[in-house]
Amino acid sequence: MDKKIGVIAAVIIIIVAILGLVGAGVINTDSLTGTSTSNASAADNDDNTLVVGFDANFPPYGFKGDNGEYTGFDLDLAQEVCDRNNWTLVKQPIDWNSKDSELSSGTIDCIWNGFTMNGREDQYTWTEPYVNNQQVVVVKKDSNINSLADLSGKIVETQEDSSALAALEDNKTLTDTFQNLAQIAEYNTAFMDLDSGACDAIAMDEGIAQYQMNSRNSDEYMILNETISSEQYGVGFKKGNTELRDTIQKTLNEMYEDGTVAKIAEKYDSYGVPGALCIGNNTTVVNSTE
C-alpha cells in the first residue's frame, strides 16, 4: 500500500514538473501533441533568421511541391538571399487576410509572394519591383467567351483580397455587367467551380493562371487576350524597416548582375516568369527616404 502511494506521489511530482516547464516555455506543447503552430514566434526570429510570409496556394511564387516541401520562384529567391547573407530562411505560410498583423507583430520579417506594390506604395517599405504582372481572365475554351465584353451576365470568381479583385473593383464599368463577382479562398476551388459550371470565368494573375492551367488539362482552358490591368511585384516590409530592405535589395541586385535571378526564373519558364522579370530596370529604391 505504501509503495503504491509512493508511486502515485512520484507521478504527481513529474506531472507538476512538466507543467512548470511548459509554463516557462522550456517545453513546447506542440512537440507533445504532434501539432505545429501556424506562425513563427517572435523569439525564433533573430538577426540571423529571415522569416518570409507567403500564401502557400500561390504558384509559381509560393506553393507546396510534389515532395511536400514549400517551393516557388519567390521562395527560391529568398533562399539564395539567405545563403549569401548567412541567414536561415523560415518559410512561413500565412492566412493572406492576416498578412498585415503578422508583419506588424514581428512573426514574419517580410511578405514575399507575388506581392503587388501598386496601390500599396505607402503602406509598406518596399524593394524595387522585380516582376511585371498582368491580371487576366481564364475561361473554358468551349464557353463562347472571347472578350471582356462577353462576361456580361456571367459569374466571375477571384481570390479574396487579391490584386485581381482590386483591379475589378476599380473597373465598375466592367464588373457592373457581371451577374456576380464571387470571392473564393484559393484558386483550386475556382477551377473546380469553372469545371462544374458554378462559375463562368476566373480573374487572376497571369503567372498563376499559367500554372493552374498547366497542372490540369490546359487544352480545356484559355486566357482572354484582353487584360484587366498590369502591376508590379516587390518584397514588402513593415513600414520603416529600411535596414533589412536595403540589405535584401543589395543582394537581389548582385543576384541580377551575376545572372542568378534569370537562372532561377528559368525553372518557372512554363509559367511565364522569365518574360515578366523587370529587376534591373530601376535606378532608385522605393521608399528610400523613410
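The values are calculated or read from the model by the stated rules, or taken from the named source; none is laboratory data. Everything quoted here is computed from the prediction, not taken from an experiment. A quick note on method: Cβ atoms are made from the backbone with ideal geometry, for glycine too, and the neighbour counts reach across all protein chains shown. All accessible areas refer to the heavy atoms of the entire protein, side chains included, with ligands and DNA or RNA removed. Shrake-Rupley method; radii C 1.70, N 1.55, O 1.52, S 1.80 Å.
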- Can you list, bin by bin at 5 Å, the percent of alpha carbon pairs in the stretch 107-148, starting at 0? 5, 15, 23, 14, 10, 10, 10, 8, 5, 0
- Across the alpha-carbon set of the stretch 61-144, Rg over Rh with Rh taken as the Kirkwood radius works out to 1.03
- Item | Distance histogram in 5 Å bins (all Cα pairs of the stretch 190-257, percent per bin) | 3, 12, 17, 15, 10, 10, 11, 11, 8, 2
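What net charge do the residues around VAL136 carry, taking every other residue with its C-beta under 13 Å from that of VAL136, with Lys and Arg at +1 and Asp and Glu at -1? Spell out each step's value before the answer.
Details: positive: none; negative: ASP205, GLU206, GLU226, GLU231.
Net local charge, VAL136 excluded: -4.
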- Message: If you build the convex hull over the alpha carbons only and average its shadow over all orientations, what do you get for the stretch 153-225? Give it in nm² to one decimal.
- Response: 4.7
- Could you pull out which residues in the stretch 77-99 have an amide N less than 18 Å from a spot 7 Å beyond the Cα of GLU266, following the Cα-Cβ vector? 77, 80
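Protein chains only, probe 1.4 Å: how do LYS99, LYS267 rank by accessible area, largest first?
Result of the area sort, largest leading: LYS267, LYS99.
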- Item | Residues of type lysines that LYS91 reaches as a straight line, Cα spacing below 26 Å, ignoring anything fewer than 8 places off in the same chain | LYS64, LYS99, LYS238, LYS239, LYS250, LYS263, LYS267
- Message: Whole percent per 5 Å bin, from 0 to the bin with the longest distance: what is P(r) over all C-alpha pairs of the stretch 100-191?
- Response: 2, 11, 18, 21, 18, 13, 9, 6, 3, 0
- On full extension of the chain, what length is gained from GLU226 through ASN85, given 0.36 nm per residue of separation minus the C-alpha to C-alpha distance? 46.6 nm
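Can you give the alpha-carbon Rg of the stretch 136-261 over 2.2 N^0.38 Å, where N counts its residues?
That ratio works out to 1.27.
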